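In what follows, a structure is listed as structure tokens, so that the remarks can point back to it.
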């Protein structure tokens, strides 16, 4: 009976298994740099280890970098959050981006300015 159950699960149509494997379809690892719609430079560095992503956001490559609290990659969607305290207030920056090949686009929201900025980033080649 167990062999029959295993074979039945293996024979499920691809649509049933695709949702569970979406996270594995996009490799978001790497250094992504570009600009926000306000003209500011923005760099996102993502590293995947054992299926979990970590990362940092930088104002310029290797400068003024801050660790991200959370990074989630699901399909081609990359979401992240960073919290910090400024002037006694907890502030947040969140990102909701989409990977399409060597490009990543989407929005960043900051509670500090209560503003949403468009981001256009490109994957940087690794030396």
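For this structure, a couple of remarks:
- Checked against (1) assigned to a strand (DSSP E or B); (2) closer than 18 Å to residue 55 by Cα; (3) touching a residue at least 24 places away in the same chain (Cβ under 8 Å), residue 117 passes all but condition (2).
- Matching residues, the range 99-114, being without any contact (Cβ under 8 Å) to a residue 24 or more places away in the chain and within 17 Å of residue 68 (Cβ to Cβ): 107, 109, 110, 111
- Consider the range 70-110 and keep the residues that are surrounded by 15 or more Cβ atoms within 10 Å (Cβ to Cβ) and part of a loop (DSSP other than H, G, I, E, B). The one that is farthest from the chain's Cα centre (by Cα) is 75.
- In the range 18-56, the residues that are at pLDDT below 50 and in contact with a helix residue (DSSP H, G or I) (Cβ under 9 Å, 6 or more places away or on another chain): 18
- Qualifying positions in the range 49-68 - more than 10 Å from the chain's Cα centre (by Cα), part of a strand (DSSP E or B) and over 15 Å from residue 123 (Cα atoms): 49, 52, 59, 63, 64, 65, 66, 67
The values are calculated or read from the model by the stated rules, or taken from the named source; none is laboratory data. From a predicted model like this one, the values you see are computed outputs, not experimental measurements. All Cβ positions, even for glycine, are placed from backbone atoms using ideal geometry, and neighbour counts span all protein chains on display.
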